[in-house]
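Have a look at the structure below, then the notes.
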Amino acid sequence: MVAQNKMSVSQMTVVLRTEEPNTKGAVAAMLDIDGEFSLQTVGSFQDLLVILEREPVAVALVDIDPDPERSLEILEQAIARFPQTRFVAIAGEMRNELVLTAMKAGARYFLVKRNISPELVDVIHRLVSGDVKMSRGMVVTVLSAGGGCGATTLAINLANELRLGGQSQALLVDMDTSYGGVAKYLGLQGQFGLADVLMHPQQIDRQLVRSATMGHADGLRVLLSPASTNFSAPLPLRTDRLEAVLEIFKQVSPYTVIDAPRASMDVAAMLAKASKLVLIVFQMNVKDLRTLQAMTSALVGRGVSRESIVPLANRCRSKRTYLNPQDIQQIAGGLAVTEISNDYRAASKALNFGQLLAEKEPRSSLRRDIQRLAKRILDAAQVAAPAGAGRKG
């Protein structure tokens with residue numbers, strides 16, 4: 001029987017650099033409850049370096065307050081000197097520029113002080129174990145068969161309903177390189193987004209993706225499009241790294257929804273192959289139906305599973321004048337069409353207030369239809385999950 005390689009006692013040391021008694025107390029309390037790590041606390045960077053030189057340290061928690069810019073400069077030097085130690089930056093607030101600077105310096109995680117209690121122990125365990133057992137979430141891609149068909153509204157609210165129904169986190173990725181509809185809908189502003197992740201000079205990992213996202217609702221994270229971070233001169237999307245990043249999305253979040261209007265068919269096929277489902281949103285008119293037919297044929301021709309494609313008819317009215325269900329299904333290549341009701345009042349009200357349907361119009365017919373779609377996706381995920389796997393509470 002081969003013995004497993006285990007870390008020595010000294011390697012299970014966690015060092016905290018902070019000048020704040022409250023931060024020290026919060027970290028000490030959480031590690032005391034966990035019981036697997038010994039904690040050493042120092043008040044200066046000089047004392048931290050002394051400990052790192054003296055003995056192996058599993059994780060170094062570095063409070064970068066009250067001078068974050070200067071602290072990050074020193075942190076970068078420490079990371080270069082001690083590559084075997086996992087460094088975690090801690091701050092009172094999460095500002096995009098600080099997070100990206102910390103990630104570029106080599107920090108493995110950026111932790112906000114108010115999240116020490118719920119996140120600290122899990123972060124340390126994952127860093128020490130190397131995330132050997134990584135969970136894999138699911139991706140849903142939303143494509144549009146015509147302009148103004150409501151795909152972005154659907155993608156935003158679908159991500160939120162997956163978050164609520166799955167009782168977990170959801171990631172919403174905006175690939176609208178022309179307008180950045182997600183940020184404009186939700187009223188978000190940020191300096192970094194998907195293009196920055198894809199163009200990062202070093203290896204792209206989970207920490208980098210997490211640090212580039214923005215929070216909206218509790219548990220809903222958004223990765224902005226380049227049109228949202230710099231509308232005047234948006235960065236291009238490096239599609240040669242997109243496939244790898246899609247796999248990281250599955251490690252970062254149980255549910256990822258990608259809003260990808262106007263995507264080329266090669267990019268759409270790449271997204272579709274990595275997705276549990278690909279929703280093609282269209283309206284009940286001949287032009288959109290012809291586009292739907294062409295898109296479905298193009299995706300299948302590029303190796304996308306026909307079973308993963310869901311034609312989604314948006315803004316459906318109760319009465320149709322010239323298109324019957326049989327004609328629509330035939331045009332859609334035999335695929336069953338899912339219908340979303342036309343609830344213009346609810347959609348407009350939520351959009352004008354920059355709020356989710358669950359917040360502004362929780363009883364609307366539009367929200368109910370999106371909830372049903374989310375439940376269908378969640379049920380499919382549960383069927384596909386291995387025995388014993390469950391949703392995160």
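The values are calculated or read from the model by the stated rules, or taken from the named source; none is laboratory data. This is a predicted model, so every value here is computed, not measured. Neighbour counts are summed over all protein chains in view; Cβ atoms, including those assigned to glycine, are modelled from backbone coordinates with ideal geometry.
Can you give me the ranges of the strands (runs of 3 or more DSSP E) entirely in the stretch 12-68 with at least 2 residues that are under 28 Å from the mean Cα position of the chain (by Cα) and under 18 Å from Phe110 (Cα atoms)?
Values: elements: 13-17, 38-42, 59-63.
Here the list reads 59-63.
Residue by residue through the stretch 186-209, note down the ones that are farther than 13 Å from Arg221 by Cα, under 16 Å from the mean Cα position of the chain (by Cα) and of a type in the set (Gly, Ala, Ser).
Residue satisfying the conditions is Ala195 alone.
Give me the residue from the stretch 146-203 that is out of contact with any strand residue (DSSP E or B) (no Cβ under 8 Å at 6 or more places or on another chain), of a type in the set (S, T, N, Q) and touching a residue at least 60 places away in the same chain (Cβ under 8 Å) and, out of that set, farthest from Leu357 (Cα to Cα).
Gln202
In the stretch 193-215, which residue that is surrounded by 20 or more Cβ atoms within 10 Å (Cβ to Cβ) and either touching an Asp or Glu at 6+ places or on another chain (Cβ under 8 Å) or closer than 12 Å to Leu172 by Cβ (or both) is modelled with the highest pLDDT?
It comes out as Leu194.
Which residue out of Asp266, Asp259 is in contact with an Asp or Glu (Cβ under 6 Å, 6 or more places away or on another chain) and not aromatic (Phe, Trp, Tyr)?
Working: Asp266 fails: in contact with an Asp or Glu (Cβ under 6 Å, 6 or more places away or on another chain).
Answer to the selection: Asp259.
Which of the numbered conditions does Thr152 fail, given that it passes all the others? Conditions: (1) part of a helix (DSSP H, G or I); (2) within 30 Å of Gly180 (Cβ to Cβ); (3) outside the structural domain of Asp369 (by TED's automatic domain parsing).
Of everything listed in (1) part of a helix (DSSP H, G or I); (2) within 30 Å of Gly180 (Cβ to Cβ); (3) outside the structural domain of Asp369 (by TED's automatic domain parsing), Thr152 misses just condition (3).
Restricting to the stretch 77-115, what's the tally of residues that are surrounded by fewer than 17 Cβ atoms within 10 Å (Cβ to Cβ) and either part of a helix (DSSP H, G or I) or assigned by TED's automatic domain parsing to the domain that holds Phe192 (or both)?
7
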